[in-house]
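This report refers to the structure that appears directly beneath it.
The values are calculated or read from the model by the stated rules, or taken from the named source; none is laboratory data. Owing to the predicted nature of the structure, the values given are computational and were not obtained by experimental measurement. For neighbour counting, all protein chains shown are included, and Cβ atoms are generated from backbone atoms with ideal geometry for every residue, glycine included. Each accessible area value is taken on the protein alone, full model and side chains, heavy atoms only, with ligands, DNA and RNA left out. Shrake-Rupley method; radii C 1.70, N 1.55, O 1.52, S 1.80 Å.
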Amino acid sequence: MASKSININLKIWRQKDAKSKGQIETYKLDNVSTASSFLEMLDQLNEQLINERKEPVAFDHDCREGICGMCSLYINGRAHGPASKVTTCQLHMRSFKDGDTIYVEPWRSKAFPVVKDLIVDRSAFDRIQQAGGFVSVNTSGRTIDANATPVPKHDADRAFEAAACIGCGACVASCKNGSAMLFVGAKVSQYALLPQGKVEATERVLNMVRQMDEEGFGNCTNTGACEVECPKGISLENIARMNREYLFASVK
């Protein structure tokens, strides 16, 4: 399909820092190519603002290929925007119409404080991962080849699906409780399903859930919004698996 240009109105959250009061500001942007990505549209806006000697909009981005999870924006009331199974950087302006008004906001969660404008601090996810999202590996030189440990295909497939989580935080932003259980469930599952993760399984799930609670994330009430909005389609089955792992570890 040939690209065309559209004119849009943007309602963007602006906030100087975590302690300052933020507000929605309105911008008009013309001649936006429908072939451009959402982030390229924001680049175009910032170029316009700089030419007008105004402060550009701060937003997170890195790979722009749907891998890193940095480009996390709440667009028109949905995490990552109107398209399903894509990150913000994979969203294109052909998803919008000429004259549309687009609301752009940061993730909303107590555990994700705003740094500036559309950027939030997601280091809470890093601390959860550091609490147990790893395996100890023998590096003495007498290591075992990975292929020497057989893994049932069903378990391998489920582990790969859980490992697809990019830690963007869409699950938290979409949840009415601000729960991170889909993220933690995915990280616990990718190890729990493999023999390499069995050694530290008990310690891992207890430590990661404890850290999740300390960070201020809410609990899961099985609404399912997290799975719907997850750009990688991480399944709620991972939350159920984490709960089973946690229960087993608690009574062991």
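Test Thr202 against the criterion of being without any contact (Cβ under 8 Å) to a residue 60 or more places away in the chain, surrounded by 14 or more Cβ atoms within 10 Å (Cβ to Cβ) and over 27 Å from Phe112 (Cα atoms), and give yes or no. Write out each step before concluding.
On the way: without any contact (Cβ under 8 Å) to a residue 60 or more places away in the chain: yes; surrounded by 14 or more Cβ atoms within 10 Å (Cβ to Cβ): yes; over 27 Å from Phe112 (Cα atoms): yes.
Yes; evaluated as a whole, the condition is true for this residue.
Modelled with pLDDT under 95 and part of a helix (DSSP H, G or I), is that true of Gln196? Let's see the steps before the verdict.
Values: modelled with pLDDT under 95: yes; part of a helix (DSSP H, G or I): yes.
Judged against the criteria, Gln196 is a match.
Out of all the residues in the range 31-84, which are of a type in the set (D, E, K, R), surrounded by fewer than 16 Cβ atoms within 10 Å (Cβ to Cβ) and at positive phi?
Arg53
Tell me, yes or no, whether the range 180-189 has at least one residue that is surrounded by fewer than 24 Cβ atoms within 10 Å (Cβ to Cβ) and either of a type outside the set (Ser, Thr, Tyr) or not assigned by the TED database to the domain that holds Lys232 (or both). Give the derivation first.
From the range 180-189, those surrounded by fewer than 24 Cβ atoms within 10 Å (Cβ to Cβ) are none; that's our starting set.
Checked against the condition, which is being surrounded by fewer than 24 Cβ atoms within 10 Å (Cβ to Cβ) and either of a type outside the set (Ser, Thr, Tyr) or not assigned by the TED database to the domain that holds Lys232 (or both), the range 180-189 yields no hits at all.
Select from the range 112-130 the residues that are over 18 Å from Asp62 (Cα atoms) and either modelled with pLDDT under 95 or not aliphatic (A, V, I, L, M) (or both) and write down the one among them that is farthest from the chain's Cα centre (by Cα).
Step by step, filter the range 112-130, then rank; the result is Gln130.
Take the conditions of a type outside the set (A, V, I, L, M, F, W, C), in a helix (DSSP H, G or I) and under 27 Å from Pro113 (Cβ atoms) and apply them to Asn207. Does it pass?
Values: of a type outside the set (A, V, I, L, M, F, W, C): yes; in a helix (DSSP H, G or I): yes; under 27 Å from Pro113 (Cβ atoms): yes.
Answer is yes for this residue.
Out of all the residues in the range 207-252, which are more than 20 Å from the chain's Cα centre (by Cα), open to solvent by 50 Å² or more (accessible area, probe 1.4 Å) and in contact (Cβ under 8 Å) with a residue 60 or more places away in the chain?
Arg210
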